[in-house]
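Colleague: Below is the structure I would like to discuss, written out as structure tokens.
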Amino acid sequence: MGFALALEQDGVPTIPVSTHVFARLAKATALSAGMPTTRNCFVPQPVVGRTPSELRDYIEGVDPVNKRPFMQCVLDGLTQPLTEEDMKGASFERSTPRFLEPDTEDNLRQLFIENHWTDYLPIILPTEERVEKMLKGTSKAADYVVGTMRPTSFREAWEFDVEKVAVNAVMAGARPDYMPVILALSASGVSARSSSTTSWASLSFVNGPIRDEIGMNSGIGAMGPYNHANATIGRAYGLVSQNVQGGSVPGDTYMGALGNNWAYTACFPEAEERSPWTPFHVDKGFKPEDSTVSVFFGGWYTQSGFGPRETWKDKFIRCLTATDHFSPPVIVMDPLVAREFDAMGFSKQSLIDWCAENAKMPARNYWDDQWVTTLIKPHAVAGVEPFASRLKAKPDELISIFRPEDLNIIVLGGETQGAFKMISGRYMGGGPGTDNKGNPTGLVDIWR
Amino acid sequence: MAEKITVHDPRGYPPKVEGKRLANRTETLDGKVLYLIDCLFDNADVFMEQLRLWFAEHLPGVETRIIRPKESWVDDPEMRARVVADGDAAIIGVGL
């Protein structure tokens, strides 16, 4: 869609073709680009997995959105003279008021639900008094611009300030002393409400002294609903994301096929003191006394197990190769597991290296994946290693599916069992417009 | 009657939208160069090949050229420059 709009501006009549389930999204994207009359054409969903003859039927069939023969839509769209609306596009300004019209609590709750401003769990209404109290959790001015966020890369980016973060933090039930963590997460530039069809969530991990200062739980049930800070910080990051980016509404600004339960809340502290290894943030160049947040974009799958037992190598290989390999895992392990690996002589890095070296699958299986084909294959074709070598491999040849830098390990848990999880999670953040440029891990301390 | 209260709006600030016009249309595609842009989504290459065959069979006067960006989701100024330089129209798909 972005290509099409850019080509139109460059003077080339262009028809973007999408599948019909994206009709609302295509219209909204064209509108926000100032070109609401973009001549979109549609074929039925899906295209993925369809044979050449089935796709030919789409081409010779009816556009399910425009309700006319598909090729007629295409040809008319490329040749019919421009209308007055086509010539001028649409310029407009949208403003977001600081306050809503006063109303009763019941009516306001209903308004927040109808406008898709909640996660459909009860919220605390963000009154002026509550937001003021929340703002006391940071020394930053209320109007300090935190950054921008968008549901996905081709959508417009919306800007937000400290006050908007505080408003959503109130809604999530967070306390003022959590604000530096919530601000650091919000400043990552990574949305916890991606609109991707793959139903991503954003898992985040907290390191440094702030974990204890605000009473986060890295012990028993750390990843479950058993701690106020863990629960409400993750929820606040989600609400901030959906509201400051312009929405997360199914069919419009959210297209995840299945949805993702990690999207309700997913923020956890590392059990640094009980890990045999250096804390995650220290691995990434921070000092132990720094407090940080690290975001992992994923949550798409979870593999799990116990150990390391006698056959742990087989188990790890099964788990790693059972992942959807376009999204590398963050390996979350209980301190019992980490200490056992440490006793076996593994450092964190050497265990990661072992995983990267031994997670292999036949090239045929590796490439037979829609996102590997879409996202990785172009790099392989361009000669970028190691992807190019993976593409050259014979179909039955076993190839590595992850690079060491794709994999990360976090230690947390209550030591009631030697459990581990491998959760889809690409380490992300630090993009343009963020305060933590160059390092996906963000410093919490700058938001105190 | 229940008391009325004032609460904050939780939404961020959208950018200003500047209207942009569509490109001038050509009366006919006959004798023109039409770029079929495979946006690299899975199976988009098969779709574009079928589209190329359709033009070859039904509108052979249209010169179709299949082209691909370097990456999916990322702008490719070089590819766009090529389409602008010698293309009269384009179809891009399948995806957003």
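Colleague: Between residue A:358 and residue B:52, what FRET efficiency follows from the Cβ-Cβ distance if R0 is 45 Å, with the result rounded to 0.05?
Modeller: Result of the calculation: an efficiency of 0.55.
Colleague: Give the cross-link partners of residue B:20 among the aspartates and glutamates, using a straight C-alpha distance below 17 Å as the criterion and excluding same-chain residues fewer than 8 apart.
Modeller: A:8, A:10, A:84, A:85, A:86, A:93, A:156
Colleague: If Lys and Arg each add +1 and Asp and Glu each add -1, what is the summed charge of the other residues whose beta carbon sits under 11 Å from the beta carbon of residue A:399?
Modeller: Charge balance in the 11 Å sphere: +3.
Colleague: Could I ask something else about it? Which residues does a label at residue A:347 reach in segment A:386-405, if reach means a backbone N under 16 Å from a point 7 Å past the Cα toward the Cβ?
Modeller: Answer for segment A:386-405: A:404-405.
Colleague: Rounded to the nearest 0.05, what FRET efficiency do residue A:84 and residue A:62 give with R0 = 35 Å and r taken as the Cβ-Cβ distance? Could you check?
Modeller: So, using R0 = 35 Å, E works out to roughly 0.75.
Colleague: Treating only the Cβ of Lys, Arg, Asp and Glu as charged (+1, +1, -1, -1), what charge dipole size does segment A:1-121 show about its Cα centre? Round to the nearest 20 debye.
Modeller: Here segment A:1-121 has a charge dipole of around 320 debye.
Colleague: If you bin every alpha carbon distance in segment A:225-372 into 10 Å steps from zero, what whole percent lands in each bin?
Modeller: Going out from 0 Å in 10 Å bins, segment A:225-372 shows 9, 30, 34, 22, 5, 0 percent.
Colleague: Binning every alpha carbon pair distance of the protein assembly as shown at 20 Å from zero, what are the percents per bin?
Modeller: Percent of pairs per bin, in order: 20, 48, 29, 3.
Colleague: Something else about it: Which order results if A:300, A:447 are arranged by neighbouring Cβ count within 10 Å, fewest first?
Modeller: Least crowded to most crowded, the residues run A:300, A:447.
Colleague: In whole Hz, with x marking every Gly and Pro, tabulate ³J(HN,Hα) for segment A:64-75 from phi via Karplus 6.51 cos²θ - 1.76 cosθ + 1.60, θ = phi - 60°.
Modeller: x, 9, 7, 6, 9, x, 3, 5, 5, 4, 5, 5
Colleague: I'd like the mean, over residues of A:313-324, of how many other protein chain beta carbons sit within 10 Å of each residue's own Cβ.
Modeller: Mean partner shielding for this stretch: 0.
Colleague: Modelling each spin label as a point 7 Å along the Cα-to-Cβ direction, I'd like the residue B:16/residue A:145 distance in nm, to one decimal.
Modeller: Reported label-point gap for residue B:16 and residue A:145 is 1.3 nm.
Colleague: Is any residue of segment A:344-361 close enough, with backbone N under 11 Å, to a label point placed 7 angstrom from the Cα of residue A:278 along the Cα-Cβ axis, and if so, which?
Modeller: A:348-349
Colleague: Using θ = phi - 60° and the Karplus form 6.51 cos²θ - 1.76 cosθ + 1.60, what ³J(HN,Hα) does each residue of segment B:4-21 get, whole Hz, x for Gly and Pro?
Modeller: 8, 10, 10, 10, 6, 7, x, 7, x, 10, x, x, 5, 9, 9, x, 10, 7
Colleague: Grab the alpha carbons of segment A:2-88, take their convex hull, and tell me the volume per residue in Å³.
Modeller: Per residue, the Cα convex hull of segment A:2-88 comes to 97 Å³.
Colleague: Positive end of the dipole of the protein assembly as shown, charges at C-beta (+1 Lys, Arg; -1 Asp, Glu), about the Cα centre: which of A:210, A:226, A:338 has its Cα farthest in that direction?
Modeller: Of A:210, A:226, A:338, it is A:338.
Colleague: Can you list the lysines whose alpha carbon is less than 18 Å from that of residue A:392, not counting same-chain residues fewer than 8 positions off?
Modeller: A:360, A:377
Colleague: Residue by residue, what Karplus-based ³J(HN,Hα) values in Hz, rounded to whole numbers, does segment B:47-56 have, using 6.51, -1.76 and 1.60 with θ = phi - 60° and x for Gly and Pro?
Modeller: After applying 6.51 cos²θ - 1.76 cosθ + 1.60, I find 4, 5, 5, 5, 5, 4, 5, 4, 5, 4 Hz.
Colleague: About the Cα centre of chain A, how large is the charge dipole given +1 on each Lys and Arg Cβ and -1 on each Asp and Glu Cβ? Please answer in debye to the nearest 20.
Modeller: 780 debye
Colleague: Let me ask something else about it. Do any cysteines in chain A lack another Cys Cβ under 4.7 Å, and if so which?
Modeller: That list is A:267, A:319, A:355.
Colleague: Summarise the partner chain shielding of A:182-191 as one whole number: the mean count of Cβ atoms from other chains within 10 Å of each residue's Cβ.
Modeller: Neighbouring Cβ atoms belonging to other protein chains average 0 per residue here.
Colleague: Next up: Fewest to most neighbouring Cβ within 10 Å: what's the order for A:149, B:48?
Modeller: By the 10 Å Cβ count, ascending, the order reads B:48, A:149.
Colleague: Please list, or write none, the aspartates and glutamates whose alpha carbon is within less than 13 Å of the alpha carbon of residue A:133, excluding same-chain residues fewer than 8 places away.
Modeller: Within reach: A:163, A:177.
Colleague: Next up: Considering amide H positions built from the backbone, and no H for Pro or chain starts, which residues 5 or more places from residue B:19, or on another chain, come under 5 Å of its amide H?
Modeller: Distant-sequence amide H within range of residue B:19: A:90, A:91, A:92.
Colleague: A further question on this structure: With a 10 Å cut-off between alpha carbons and a GNM built on chain A, which of A:392, A:287, A:136 moves the most?
Modeller: Result for chain A, Cα springs under 10 Å: A:392 fluctuates most.
Colleague: Please compute the net charge surrounding residue B:52, taking Lys and Arg as +1 and Asp and Glu as -1 over other residues with Cβ under 12 Å from its Cβ.
Modeller: -3
Colleague: Next question, about the same structure. Structure shown: which of A:164/A:421; B:32/B:70; A:284/A:394; A:136/A:421; A:67/A:88 lie over 28 Å apart, alpha-carbon to alpha-carbon?
Modeller: Distance filter (> 28 Å) returns A:164/A:421; A:284/A:394; A:136/A:421.
Colleague: For residue A:99 and residue B:75, what does the FRET efficiency come to when R0 = 41 Å and r is the distance between their Cβ atoms, rounded to the nearest 0.05?
Modeller: 0.60
Colleague: Using only helices, what value at 222 nm comes out for chain B when you add -39,500 (n - 2.57) per DSSP H run of length 4 or more and divide by the total residues, to the nearest 500 deg cm²/dmol?
Modeller: Result for chain B: -8000 deg cm²/dmol, rounded to the nearest 500.
Colleague: Here's something else I'd like to know. Using the number of other C-beta atoms within 10 angstrom as an exposure proxy, rank A:27, B:16, A:377, A:164 with the fewest first.
Modeller: Arranged by neighbour count, lowest to highest, A:27, B:16, A:377, A:164 become B:16, A:27, A:377, A:164.
Colleague: State the answer as a single residue: which of A:292, A:29, A:325 lies farthest towards the positive end of the charge dipole of chain A, with beta carbon charges of +1 for Lys and Arg and -1 for Asp and Glu, about the Cα centre.
Modeller: A:325
Colleague: Here's another thing I want to ask about it. For residue A:113 and residue A:389 in one chain, what is 0.36 nm times their gap in residues minus the Cα-Cα distance, to one decimal in nm?
Modeller: 94.3 nm is the gain from fully extending residue A:113 to residue A:389.
Every read-out reported here was derived from the displayed coordinates using simple, explicitly stated rules and does not represent laboratory data. Being a predicted model, the structure only gives us computed values, none of them experimental. Ideal geometry is used to build each Cβ from the backbone, glycine not excepted, and the neighbour counts take in all protein chains shown.
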